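The values are calculated or read from the model by the stated rules, or taken from the named source; none is laboratory data. The structure displayed is predicted, hence computed values, not measured ones. Neighbour counts are summed over all protein chains in view; Cβ atoms, including those assigned to glycine, are modelled from backbone coordinates with ideal geometry. The area values use the complete protein model at the heavy-atom level, side chains included, leaving out ligands, DNA and RNA. Shrake-Rupley method; radii C 1.70, N 1.55, O 1.52, S 1.80 Å.
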Amino acid sequence: MTLSILWFVLIAVLWTVYLILEGFDFGVGMLLPLVAKDDRERTQTVRTIGPHWDGNEVWLLTAGGATFAAFPEWYATMFSGMYLALFLILVCLIIRVMALEWRSKVATARWRKAWDWAHSISAWLVPLLLGVAFANFVQGMRIEVVDVATGTVIDPTLVDQSLAGATHQMTGGFLSLLTPYTLLGGLAVLAVCLAHGAQFLALKTTGEVHDRANAIAAPATIGATVLAAAWLIWGQFVYTTNVLAWIPLVVAALAIIASAALSQSTLRREGMSFVASSVAIAGTVAWVFTSMAPAVQKSSINPAYSLTIDQASSTNATLTVMTIITACLLPIVLIYIFWSYWMFRARVGAQDVETQTGLLLKKVRVGENFLAG
């Protein structure tokens, strides 16, 4: 049980790192049409995340892989019940990767602009969908315990005795995931990523892009504070019975208020505002996982149908091996991440970028092989 709790916490940490790092990536993509007015400024904006975005996405893969290995039944229930939503997230992430990788392959402004729009649209959709998903973890989903042999729903009072031959299943469809509370969660995560991205751009750019990012960061952070506060308080009072969830909620609230204050022109501290925004994201993820505990997936039908940490966990031997491997490899990963961000810590200016990269479109011929000379 101790290792199960440890891995529940570690998965929360993986999601925290992912949302902090990829959160500003999404924010940059969302702001691309707003802060960049020409091809050179769009290239400048994209370059701020160029050295980091692909490494940031690895944390999502790690979180998914850790869930599969440590809590296979949680993984199965979540992915089967939220299949369409997760598929849409995957499609948007693939489009975003294509946009970032292919925008410099052809040396025309029209080509880059088209991929920048694809990047921006996908960057708006992913945080919205992730917010809806996290809000469903807090609210609970239409999960029941079903007998594998007969397909009948187990009586709530008999769940503990029936788990050997039964499994947790989500019986609601895609539309059951969309409620006023979950949609508010999607908007709150979207707003937080937008503000987080504006603060990152203000920290990483110079010139006109820097000034526009600062101008957007101030109202965007206030809007994110209002939406996040409404979502967190609603969830705490209506859907959470864990008193300990108040601790990360208060941390998140104080941090996002500090970020909003530090973003304003009268008290602008770009670095401190970004750090406060990161702490707010960490507090929010901690609140989501604390509000779920001791379940990994709550049932909105009956608490007896909720999938608990103990029920979803892998064997103790599996968790032991995973813990040893993580203890050996995680420090190396963290050292590399800190090194990469330190190496690319300089601000990016419009004069630092080159727009005439890639192939000339008129010289690209179908069927030609550049390897053949």
Q. Is it fair to say residue 87 is closer than 30 Å to residue 296 by Cα, in a helix (DSSP H, G or I) and modelled with pLDDT under 90?
A. no
Q.
Please count how many residues of region 240-252 are surrounded by 18 or more Cβ atoms within 10 Å (Cβ to Cβ) and outside any helix (DSSP H, G or I).
A. 1
Q: Tell me which residues, restricted to region 98-131, are under 20 Å from residue 182 (Cα atoms) and of a type in the set (Phe, Trp, Tyr).
A: 124
Q.
Whether any residue in region 22-37 is touching a strand residue (DSSP E or B) at 6+ places or on another chain (Cβ under 9 Å) and either modelled with pLDDT under 90 or not in a loop (DSSP other than H, G, I, E, B) (or both) is what I want to check.
A. yes
Q: Could you pull out the residue among 306, 263 that is open to solvent by less than 10 Å² (accessible area, probe 1.4 Å) and either out of contact with any helix residue (DSSP H, G or I) (no Cβ under 6 Å at 6 or more places or on another chain) or more than 24 Å from residue 137 (Cβ to Cβ) (or both)?
A: 263
Q | Single match in 189, 209 (criterion: in contact with a Leu (Cβ under 8 Å, 6 or more places away or on another chain), modelled with pLDDT of 95 or more and either of a type in the set (Val, Ile, Thr) or open to solvent by less than 20 Å² (accessible area, probe 1.4 Å) (or both)) | A | 189
**Q.** Condition broken by residue 142, with the remaining ones in (1) open to solvent by 70 Å² or more (accessible area, probe 1.4 Å); (2) at pLDDT 95 or above satisfied
**A.** (2)
**Q.** Tally, over region 157-168, of residues that are surrounded by 11 or more Cβ atoms within 10 Å (Cβ to Cβ), over 13 Å from residue 307 (Cα atoms) and hydrophobic (A, V, I, L, M, F, W, C)
**A.** 1
**Q.** Criterion (over 22 Å from residue 5 (Cα atoms), open to solvent by 50 Å² or more (accessible area, probe 1.4 Å) and either outside any helix (DSSP H, G or I) or in contact (Cβ under 8 Å) with a residue 40 or more places away in the chain (or both)) met by exactly one of 337, 301
**A.** 301
Q | Per-region count, region 328-358, residues of a type in the set (D, E, K, R) and more than 22 Å from residue 203 (Cβ to Cβ) | A | 1
Q. Restricted to region 67-126, and to residues that are open to solvent by 60 Å² or more (accessible area, probe 1.4 Å) and in contact with a Phe, Trp or Tyr (Cβ under 7 Å, 6 or more places away or on another chain), which residue is farthest from residue 289 (Cα to Cα)?
A. 102
Q) Condition test on residue 230, is it part of a helix (DSSP H, G or I) and closer than 20 Å to residue 140 by Cβ? A) yes
Q: Being buried (at least 24 other Cβ atoms within 10 Å of the Cβ) and of a type in the set (S, T, N, Q) is the filter here, so list the residues in region 212-224 that pass it.
A: 221
Q: Mind telling me which of the residues 43, 2 ends up being farther than 16 Å from residue 200 by Cβ and either under 18 Å from the mean Cα position of the chain (by Cα) or surrounded by fewer than 18 Cβ atoms within 10 Å (Cβ to Cβ) (or both)?
A: 2
Q. Which members of region 209-262 meet the condition of being of a type in the set (Val, Ile, Thr) and in contact with an Asp or Glu (Cβ under 9 Å, 6 or more places away or on another chain)?
A. 209
Q | Verdict on residue 171 being hydroxyl-bearing (Ser, Thr, Tyr), surrounded by 21 or more Cβ atoms within 10 Å (Cβ to Cβ) and in contact with a Lys or Arg (Cβ under 7 Å, 6 or more places away or on another chain) | A | no
